[in-house]
Amino acid sequence: MSAIITLSVLGILVLYLGIFNFKKVLLPVILLGLTVAFVLLATNTGNVLAADMHMLVFDAPARAFGCLLILITAGVFCLTPGNMEYATKFRQDVFGLMIFSLIGGIMMISYGNLITLFLGIETLSIPLYVMVGSKRSDLKSNEAAMKYFLLGAFATGFLLLGIALIYGATGSFDFRVIAEQCLTLQGNVSSWFEIGVLLLLIGLSFKVSAAPFHFWAPDVYDGAPTIVTTYMSTVVKIAGFGALVRFTRGGFPDMHVFGQFTFILAILTMTIGNFVATQQKSIKRMLAYSSIAHAGYMLIAIHCSTNASLVNIFIYAFAYSLASLVMFGVFMAIADKYELADIDSFNGLSKKNPLVAICAAIALLSMAGIPITAGFFGKYYIFASAIDSNYFLIVIIAMLNSLVSLYYYLKLIIAMFFKEGSNDVSEKIPALHYFVIFGCTALNILIGLYPNNLMMLF
Amino acid sequence: MMIFLVAFTKYLIPLIIQLLVVLGFVFTTVAASQYLGPKRKTAGKLESFESGLDAVGNARVPFSVKYFLAAILFVLFDVEIIFLYPWAVNFKELGWQGFVEMLMFIVFFTLGFFYVLKKGALKWDD
């Protein structure tokens, strides 16, 4: 709770620093504030304010996911220097909105009540609609914002109807009461309840861009300013999966009404994401489809709901967002600035900037799930616990999908290492940018070497 | 099958009857006033009503986007002010805790207003 209050104050402070023209101290203040929030959240053991109402519950998984969200957001902020020119006038607005949106994310992964879940999703989404459209003179950005807003509002409708039906069936928004009712009824839950759960899952799968509800993702990721795309494909996805896994694990210990649904969802998401990604020429669109595919892998852990699901999703999300940060960081540094978007813009990077090229290659290999990177263990744990609970079919499909994904990740690696670059723009990358790229790569390999250490967080 | 039949007779037939009555009432009254009422059309009566003033020009003209901003801000602050009423009614019961909470609300609210002012959202001509 104290972390949320800190972040709220930080957001308002950022807005005020902006209008009083303290633009130099903006980034240091934000990073300091995020650090304070991180420490407060990590050391939070008693739920001071929210405990009696059971509205927000900062248990171990919530703390781990929350700290991950703050860490990745700090990474996104470190990538902003040099990439926010489009919005120099509105910079502090976008920064403030990003912090407010992070608050929504933290609420989404720590809710103990369906009302706070809804509130969190809205707090996360509403600033996002504005951020996506923050490149005001760009038609694509406007289109993306409009599309995201309309579809997002529609998905929220599903979510709310789901919450209303669950309330109608159980008479409570409180997760403990709902879980108790499920236990006492032992499978004889009313059909309203099942429909409600299904609708709620639809609303959440929209937020994580799972397959039949993914159509907004490529256009929005492509149209939004790249820094916002980075934020969306990392923080929003972690928050969405945090909420999903909390919903499937926390509330209903032994209920499989959504088994069929998540099965279809996971397979569709992986397959569509990977196969369409192979056909993309624009890097941003390719990364968008690859993020859809990653959502599919994480949905396996939702489908094979076991006690390990929480930690498996955490590790996967951690690995995926580290790799994403590096990829978007490299893309912004060498291509996005010059209005380039094609895979060809990576050509010959290894000659111009070998270290960055190696980092990008490691990030891509991590996304593909090659050993000694974090991505390998992310996939390994999810697949292993799925096999433990006898879900063979879905694991086989996921493995075939991983092979497909290797194709388009290697395409980028080949472009970087084996093709001659044509543009000889001398890249000057800001120091903080390097810090994010190298830091994330180091962390990625560190997790790949000692994956067990993350388990202790839970 | 039996369950559906029972549900149909028990819940749906009254609903259908009510729907018919409601629709019938609406159509009957509208049609009746159309046919039974006297009609005297004068120039003054057919004109669109604009708060007593004569209407000038076309209503569908583009107007400044600033009106929207002012309107949105008005709605925002107006709605927030509504929260003061329940507080005022329960002022004594809520006591000091309520006072402090309301003070916090008003401080945040004022910060927002100040931000809007500083940002120049209410500046009309630039």
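Do you know which residues across region A:290-310 are β-branched (Val, Ile, Thr), under 13 Å from A:ALA384 (Cβ atoms) and buried (at least 24 other Cβ atoms within 10 Å of the Cβ)? First the steps, then the outcome.
Step one: filter region A:290-310 for residues β-branched (Val, Ile, Thr), giving A:292, A:300, A:302, A:306.
Still in the running and under 13 Å from A:ALA384 (Cβ atoms): A:300, A:306.
Across region A:290-310, the qualifying residue is only A:ILE300.
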Inset, instruction - Any chance you could count how many residues in region A:157-173 are surrounded by 18 or more Cβ atoms within 10 Å (Cβ to Cβ) and closer than 17 Å to A:ILE121 by Cα? - result: 5
Legend entry - Pair list, Cβ under 9 Å, 6 or more apart: region A:1-27 residue within 13 Å of another protein chain (Cβ to nearest Cβ), other residue part of a loop (DSSP other than H, G, I, E, B): A:ILE5/A:LEU49; A:TYR16/A:PHE22; A:LEU17/A:LYS23; A:LEU17/A:VAL25; A:GLY18/A:PHE90
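Quick one: which helices (runs of 4 or more DSSP H) lie wholly within region B:1-59 and hold at least 2 residues that are loosely packed, with under 10 Cβ neighbours inside 10 Å and at pLDDT below 75?
Values: elements: B:2-7, B:13-36, B:43-46.
Of the helices (runs of 4 or more DSSP H) lying wholly inside region B:1-59, those with at least 2 residues that are loosely packed, with under 10 Cβ neighbours inside 10 Å and at pLDDT below 75 span B:2-7.
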Inset, instruction - Can you confirm whether region B:109-116 contains a residue that is more than 30 Å from A:TYR16 (Cβ to Cβ) and over 24 Å from the mean Cα position of the chain (by Cα)? - result: no
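Consider A:PHE154 carefully, then state whether it is under 19 Å from A:GLY242 (Cα atoms) and at pLDDT 90 or above. Steps first, answer last, please.
Working: under 19 Å from A:GLY242 (Cα atoms): no; at pLDDT 90 or above: yes.
So A:PHE154 fails the test.
Do any helices (runs of 4 or more DSSP H) lying entirely in region A:224-332 carry at least 2 residues that are under 17 Å from A:LEU364 (Cβ atoms) and not assigned by TED's automatic domain parsing to the domain that holds A:ILE106, and which ones are they? It would help to see each step written out before you state the result.
Working: elements: A:226-231, A:237-246, A:259-277, A:283-303.
Answer list for region A:224-332: A:259-277, A:283-303.
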Legend entry - Lone unmet requirement of (1) surrounded by 10 or more Cβ atoms within 10 Å (Cβ to Cβ); (2) within 14 Å of another protein chain (Cβ to nearest Cβ) for B:GLN97: (1)
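Okay, residues lined up against (1) surrounded by fewer than 10 Cβ atoms within 10 Å (Cβ to Cβ); (2) modelled with pLDDT of 90 or more; (3) away from chain A (no Cβ under 12 Å); (4) within 30 Å of B:TYR67 (Cα to Cα):
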site	(1), (2), (3), (4)
B:GLU93	yes, no, yes, no
B:TYR115	no, no, no, yes
B:LYS119	no, no, no, yes
B:ASP126	yes, no, yes, yes
Inset, instruction - Could you identify the single residue in A:LEU449, A:LEU393 that is without any contact (Cβ under 8 Å) to a residue 60 or more places away in the chain and surrounded by fewer than 16 Cβ atoms within 10 Å (Cβ to Cβ)? - result: A:LEU393
Inset, instruction - Determine the pairs where a residue that is touching a residue at least 40 places away in the same chain (Cβ under 8 Å), located within region A:161-175, has a partner that is among the basic types (Lys, Arg) and part of a helix (DSSP H, G or I) with Cβ atoms under 9 Å apart, the partner being 6 or more residues away or on another chain. - result: A:PHE175/A:ARG246
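The values are calculated or read from the model by the stated rules, or taken from the named source; none is laboratory data. Given the structure is predicted, the values throughout are model-derived calculations rather than measurements. Methodologically, a virtual Cβ is constructed for each residue, glycine included, from the backbone with ideal geometry; neighbour enumeration extends over all protein chains shown.
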